[in-house]
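J.: Got a structure here, written out as structure tokens. Questions coming.
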């Protein structure tokens, strides 16, 4: 498990750790996270049926599109919660490299 940004701060600065998960889903991961770091869990899951929309969920270096609490995970999966970062210049068109997110996440997870 890896937390970054405000989620890391809510966990007291801990960014990488293991969890014992009861249910093999993201909901189970978030339940275990909430037990260990209540504030981080509340930030990441505003209600039992949703994951905070301003976060990217990364499982085994793959950014999930429309991640839901029901998404299955397996023992040994690497899960990261990364806040969406805004910014940029509105006067220039947005050009995104085809592997931008993969490269960005690899650099972020290696920090």
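J.: Evaluate the distance, in nm, between pseudo-label points positioned 7 Å from the Cα of residue 50 and of residue 64 along their respective Cα→Cβ axes.
T.: 1.6 nm
J.: I would also like to ask the following. Describe numerically, in nm with one decimal, the distance between label points set 7 Å from Cα along Cα→Cβ at residue 42 and at residue 102.
T.: Rounded to a tenth, the inter-label distance reads 3.9 nm.
J.: Any chance you could run the full-extension gain for residue 15 through residue 35? It's 0.36 nm times the residue separation minus the Cα-Cα distance, nm to one decimal. Could the numbers behind the result be given before it?
T.: Working: separation 20, 0.36 × 20 = 7.20 nm, distance 1.58 nm.
Extending this stretch completely gives an extra 5.6 nm.
J.: Another question about this same structure. Given bins 10 angstrom wide, list per bin the percent of all Cα-Cα distances in the range 15-68, short to long.
T.: For the range 15-68, the binned pair fractions read 24, 60, 16 percent.
J.: Looking at the range 1-88 only, what percent of DSSP beta bridges run antiparallel? Nearest 5 please. Write out the running numbers ahead of the final one.
T.: Numbers: 10 of 12 bridges.
In the range 1-88, approximately 85 percent of DSSP beta bridges are antiparallel ones.
Readers should treat all values here as calculations from the given coordinates under stated rules, not as data from a laboratory. Not measured: the values here are computed from a predicted model. Reconstructed Cβ throughout: ideal geometry from the backbone, glycine too, with neighbour counts over all protein chains shown.
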